[in-house]
Amino acid sequence: MHPLWILQQSTSVKDSFVSTPWAGPWLSGPQELTWSENQTRQHLVPDSRMSRSILVIPALPFHIMLRSHESHLFSTAMRTMFIFFGMLFTLSNAEFQVSLLKESDGVVTGRFADSLLLSLPPCALATQSVTLEYNNTDTNESMLPCRFRRDIISTIENNGQFTTSRNLGYQVTNLTTGSTYRLQYVVGAEKSNILEVSTRQVKDPNQIDSGLPARSGAMVVITVILSVSMFILLVALIVTVAHSLGGD
Amino acid sequence: MADGKGFTCLMVILILGNIFGAAAGLALCALAIWVAVDQFKLYPISGVSGKDDIFAGAWIAIFTGFAFFCMCVFGILAAAMKSRALMLTYLILMLIIYIFECASCITAVTHRDYLVGNSNLVKKQMLKYYAADGDSGSQITLTWNKVMKEVECCGTDGPVDWIEYNSTFREKFGTDYPWPTHCCKRKNNYEVVNVEACKNGQNTTMFTKGCFNHIESVFSRYTWAISWYGFAVLMFMFLLLILAMVYYLML
């Protein structure tokens, strides 16, 4: 039998969030999650997005059965169940991702000269306290800053009826220009990956070469044709005057 | 020479050509006035850099355009009166005006290449002169503020220019504001929508496109007016002058 548990219990009696089967062995056939309530059969088809929830919070297993239409899966269920439990423990200590904010996240850039914009840890860890550890790879000093709420970058959209506030990321300030940092979130037992990124090196504007970049086609055409025509006219006028004077 | 049918035909062609040339010259004068007036108020960008011959070409074209108009009217007179002396005067004066107009076209298009061939000169000037003291500094600052507000853009190629390079602005005001507040979106009462969000660089509260496209298109528009239209007028005048010389030889 395939292990299954409820991830999160909402206050509503009707809603339950249930883990999906581990992707590998069970995706081959159609799955069906059924539960009996007043003799009615409910169906649920898991999709790929739901697999993320397995990684974060395991909860106690409940007695809800997963019946699969593929009968051959029952024979492999016991075999894969051990693998599944084994992976479960590694998954619970899995790394979540931290990255620099990019243009697709709604900011101009994530790298400034003296600060960096990082993505926030996933929503599932919301109420826990997070520490950010970073060190400057050049000077090897480590910093464990206190987290201030104002360093969180949030957008506030107000359309007159309601205001939505969304947290975009976290700004790490007081960094030195042009140096590389390694950053990592630590949430209780979980850590994120180590992000190695450098702040921008500010360049000297006098280094910009502002000489003539290239002569455009228009410039060459106009110059050549006009110069030639000027020359022709001058010669023609001289010849005309000479001819008329000579002719007289 | 012969007072035959070909001669009369040539005279008629000359008179018609001169009428058309007068109109073209007057149009050149008007177009050059439009360029000189500089409705987009971008002159300081070229003036401070020293490459302002787009506008010098415009001024020359005002005078040569009007001179073409006057000379073409004179040319109608000279052709109708069949006078050798008048035709010679016409030819020599037209050639002098022709040479000046050539100079205007060539210099306008060359300086346009210097200014907006690529974004380097405009970017360097912006970083150096924005928020600087002095006459150049104030002119550039006012021009850029106007452009950023009206065109809704920031920096030359983008806001990243302000943080990529050191600048007079950064030296004066520090790194608290990575870019000028004119890069931020404003409400109708000119108040910034969200200063903190603008400082962080959020797309929704600031302008993220660069101003160079607009600056380049304006200068190109001015240049094409002066140089390409001047070129067209000159090519027409070239043919007219060749015909006038033939007519002079027939007189």
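The values are calculated or read from the model by the stated rules, or taken from the named source; none is laboratory data. Not measured: the values here are computed from a predicted model. For neighbour counting, all protein chains shown are included, and Cβ atoms are generated from backbone atoms with ideal geometry for every residue, glycine included.
Structural remarks
- Checking each residue in segment B:228-248 for being over 26 Å from B:A58 (Cα atoms) and in contact (Cβ under 8 Å) with a residue 24 or more places away in the chain picks out B:L243, B:A244, B:M245, B:V246, B:Y247, B:Y248.
- B:D176 being more than 8 Å from every other protein chain (Cβ to nearest Cβ) and surrounded by 17 or more Cβ atoms within 10 Å (Cβ to Cβ): no
- Failed item, numbered, when B:D113 is tested on (1) touching a Ser or Thr at 6+ places or on another chain (Cβ under 9 Å); (2) touching a residue at least 12 places away in the same chain (Cβ under 8 Å); (3) crowded, with 18+ Cβ neighbours inside 10 Å: (2)
- Boolean, B:V35 is among the β-branched types (V, I, T) and more than 30 Å from B:T168 (Cα to Cα): yes
- Among residues of segment B:215-250, those that are at the interface with chain A (Cβ under 9 Å from one of its Cβ atoms), touching a Phe, Trp or Tyr at 6+ places or on another chain (Cβ under 9 Å) and aromatic (F, W, Y), counted: 2
- Selected residue (only one of B:K124, B:K128, B:K149 is facing chain A (nearest Cβ under 7 Å) and over 24 Å from A:T176 (Cα atoms)): B:K124
- Here A:S154 clears all of (1) at pLDDT 80 or above; (2) under 17 Å from the mean Cα position of the chain (by Cα); (3) small (G, A, S) except the condition numbered (1).
- Any hit, segment B:112-126, residues being farther than 26 Å from B:W224 by Cα and hydrophobic (A, V, I, L, M, F, W, C): no
Residue-by-condition table, conditions (1) in contact (Cβ under 8 Å) with a residue 60 or more places away in the chain; (2) on the phi < 0 side of the Ramachandran plot; (3) within 14 Å of chain A (Cβ to nearest Cβ):
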| residue | (1), (2), (3) |
| --- | --- |
| B:I76 | yes, yes, no |
| B:M81 | no, yes, no |
| B:T89 | no, yes, yes |
| B:I92 | no, yes, yes |
| B:I96 | no, yes, yes |
| B:I106 | yes, yes, yes |
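- Taken over segment B:193-203, the criterion of being touching a residue at least 12 places away in the same chain (Cβ under 8 Å) and outside any loop (DSSP other than H, G, I, E, B) is satisfied by B:V195, B:C198, B:K199.
- Meets criteria (at positive phi and either assigned to a helix (DSSP H, G or I) or polar (S, T, N, Q) (or both)) for A:N174: yes
- Total residues in segment A:177-209, condition facing chain B (nearest Cβ under 7 Å), in contact with a Phe, Trp or Tyr (Cβ under 9 Å, 6 or more places away or on another chain) and part of a loop (DSSP other than H, G, I, E, B): 4
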